[in-house]
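Read the structure below first, then the notes.
The values are calculated or read from the model by the stated rules, or taken from the named source; none is laboratory data. This is a predicted model, so every value here is computed, not measured. Virtual Cβ from ideal backbone geometry, glycine too; neighbours counted across all protein chains shown. Just so you know, the surface numbers come from the protein's heavy atoms only, side chains and all, with ligands and any DNA or RNA stripped out. Shrake-Rupley method; radii C 1.70, N 1.55, O 1.52, S 1.80 Å.
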Amino acid sequence: MWSDDDLLRAWRAGNRTAGDALVRRHYESVRRFFDLRLPAMAEDLTQLSFLACVEGRERVRLDAGFRPYLFGVARRLLFRQLRSQDRFDRMARFRTSQGPDTKLTPSGVVALRQEHKLLLRAFEAIPTDAQIALQLHYWEGMNTNEIGAVLGLSITAVTSRLSRARQRLRDEVEAIRVRPEVRASLLGDLDGWTRSLVPGAKPIA
Amino acid sequence: MDSGPQTVPKLRELGPGAPIGKYTVVRRLARGGMAEVYLAREAAFVGVERFVALKVILPHMAGEPRFLSMFKAEARVAATLDHPNIAQVLDAGEVDGEPYLVMEYVHGRTIQSLLRTATEREIGIPRGAAIALVIAACSGLHYAHERRDLSGQPLQIVHRDVSPSNLMCRYDGTVKLLDFGIAKAASQTSATQTGFFKGKSGYMSPEQCADEPLDRRSDVFNLGILLYELTTARKAFFGDNPVAVINKIANGRFTPPAELVPDYPAELERIVMQALAVTPEERFATAEELQLALETFVRARRLDASSTARAALMRAVFGDEPYPSLPPSPAPAAEIVTHTELAAVPVLLDADDPSLAVTVARRAPPSRKRAVVGGLVAVTVLLGVAAAAWTSRDGSAEAPPATEASRAPASVVEPAQDAVVGASADADSDDTRDEGTLAGPDVDDPAAATTEPVEATPPVPTAEPTTPEPARPSPRARAQRSNKRKKAAETKRKGPAGMYP
Ligand SMILES: Nc1ncnc2c1ncn2[C@@H]1O[C@H](COP(=O)(O)OP(=O)(O)OP(=O)(O)O)[C@@H](O)[C@H]1O
Ligand SMILES: [Mg+2]
């Protein structure tokens, strides 16, 4: 099997088949990266991330491998989107072209474990870079070196970033108004619940 | 029944003339998340015919036993409600295992439609009329909240889903609450709560967010949202994802109306704030208390909160909308729709859904709605997921305003416009943007894509390269995950990694 680096090089040289293979290999990971925060735009942002990788010739830094590079790009795209000035104004307006944004599900009835719901709420409440660190660790199985490459941090900084993020998550779970048994269950195995939120999560490094 | 080649109904849709029990479908009115709503006529019994609204549960919901029992409970409770501000439930039944509800036909629009169309056409909603809508909703809700059973025991009905899509205003100004669909006697609820999430995330009370037992004050909170939105023309609670919205509701985070509307009266803002208090104890104790506060405000300010004010608003936003009519003879529907004098039968030409108004579909180019649905189907295939559920809110409830153009047979909504709408990298418009993204430029063209063009139409290498494997690997089940969760993950996920099923 070709390595990511080989595929990227071939794609940049114009080999579309190589590009297809590379995208296919990582699509789902990048997609779920965006899905957490911006589900309505996740597909577009995912595609943009790959494009940015193949276009961004001069900024290649693959020392930690392709995946950290890819997620670094994705992270920048995410932040750029979150910074966009008129985002809130647009969301607050009523528009005819409105999609299913205000609905949790088509049916309005979701079978979602209470623990997962609580966990998602806690995730939503912590800072974005803490979210990202946890995503990369729990869902993408990245090691500290790789996470550091995504976030631009040293290995020691990543270690403390991760433990602080975990603590923030715990604090939020404690603070959210919810039935006590749900909280207890979630805190009983926070790692397990976090991983089970994403069916295709990669093994933890 | 349908006849002729053009009258073949789309899959799972009831075409004009389709019989359901003693009712005959005229056209589809709208499609919601769990049901399709049809305009139908009740068969002449002793010479009297009338229009009714038929709410038929969508197959994907009809298959869920818990939903079904909920639907039946809904019908039972709703049928006992009799109030001018509640759409009367007339009947219920089942065809081929698909349950339906028969309601009074409300000749008007939802408040959601009102807010969207008014915004789009830049029509301000007069404060008096806005408050008048909420007052009427208060009245209907208070009636329901006060209902008792035959032995005099309070039924403790809570609507649970008071939202702009469940409140309609008739063109004559009469306000009707819809869908006591998930209203259930409070006594029944606690047992069936686990794992279920009801309501639209932007229209839930803090108690609903916390999965706590609900009482009428939950509905009062939702009335507060309606009041906020109608008087500011902005959403009270919104966010990048449903969970963000829920967190805002739970923490009472919203922009005070006076920050959005410069001359917003302090007294009205106090009313809004009290209705939207996070703690139920701090809210108006009943919908009637809220109603009284609003009536006092309206009187003090000498605002016009009459039903004629509401009717005038409806006319200003939607124009004149004639009551549905059919040719006098009981002609088969297939003949009706192919009749040459179609312009004389506005109900058939003004159909929200071209697939039902056969003649429209045949003559007109693909309408916007059809294009949208087509795009969604494409995405479904592309991602290999059951995104079909998301097509359910295809916006078909939002018919274009009743202008001359929209009523003409060859009503043209250029597909090209859709591409423009869909092209914006807009968090809300994912229902319309599919074709734009699929038709992206080729990656081989270096000019086609810039490095980080987030604001523009995201180009795509080609449709194929980015296509992930259609079949998702079956999710590795964890011990904690119940079967229900797994099933939900497989059937309801929005995308390959959709975290909000
Ligand atoms: N009795 C009625 N008369 C006329 N139109 C109706 C009637 N009931 C419903 N409708 C129309 O059908 C639409 C769909 O209703 P439905 O309840 O299925 O979906 P919804 O209100 O958008 O979402 P939800 O599933 O949360 O209720 C409504 O928005 C309204 O436009
Ligand atoms: Mg409804």
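Counting Lys and Arg as +1 and Asp and Glu as -1, what is the net charge of the other residues whose Cβ lies under 14 Å from the Cβ of A:Arg183? Write down the numbers at each step before the final one.
Numbers: positive: A:Arg113, A:Lys117, A:Arg121, A:Arg170, A:Arg177, A:Arg179; negative: A:Glu115, A:Asp171, A:Glu172, A:Glu174, A:Glu181, A:Asp189, B:Asp211, B:Glu212.
Within the 14 Å Cβ shell, the charges total -2.
If you bin the C-alpha pair distances of the range B:19-318 every 20 Å from 0, what whole percents do you get?
Pairs per bin, as whole percents: 34, 59, 7.
Which whole-Hz couplings ³J(HN,Hα) result when phi for each residue of the range B:222-236 is put into the Karplus expression 6.51 cos²θ - 1.76 cosθ + 1.60, θ = phi - 60°, listed in order with x for Gly and Pro?
So the Karplus estimates, Gly and Pro as x, are 5, 5, x, 5, 4, 4, 4, 6, 6, 8, 10, 6, 10, 6, 6 Hz.
Would you kindly derive the ³J(HN,Hα) couplings of the range B:260-270 from the backbone phi angles with the Karplus curve 6.51 cos²θ - 1.76 cosθ + 1.60 (θ = phi - 60°), listing them in order in whole Hz, with x for Gly and Pro?
9, 10, x, 9, 5, x, 4, 5, 5, 5, 4
By how many degrees, 0 to 90 and rounded to 10, does the Cα axis of helix A:155-175 deviate from the longest principal axis of chain A?
That helix lies at roughly 30 degrees to the long axis.
First obtain the Kirkwood hydrodynamic radius of the range A:111-205 from its Cα pairs, then insert it into the Stokes-Einstein equation at 25 °C and 0.890 mPa s, and state the resulting D in µm² per second as a whole number.
For the chosen part, D equals 181 µm²/s.
Amide H neighbours of B:Asp161 under 5 Å, at least 5 residues apart or on other chains, H built in the peptide plane: list them.
Here nothing satisfies the definition.
With a 1.4 Å probe on protein heavy atoms only, work out how much accessible surface A and B bury together, total over both chains, in Å² to the nearest 100.
9000 Å²
Under 8 Å for C-alpha pairs, at least 6 residues apart: give me the relative contact order for the range B:19-318, rounded to a whole percent.
Details: 537 pairs, mean separation 53.8, N = 300.
Taking the mean separation of contacting Cα pairs over the length of the range B:19-318, I get 18 percent.
Report the one residue of B:Gln274, B:Ala132, B:Thr80 whose Cα lies farthest in the direction of the positive end of the charge dipole of the range B:19-318 (charges on C-beta: Lys and Arg +1, Asp and Glu -1; origin at the Cα centre).
Checking the options against the dipole of the range B:19-318, the answer is B:Ala132.
Towards the positive end of the charge dipole of the range A:111-205, with charges on Cβ (+1 Lys, Arg; -1 Asp, Glu), say which of A:Val178, A:Leu134, A:Ile204 has the farthest Cα.
The one lying farthest along the dipole's positive direction is A:Val178.
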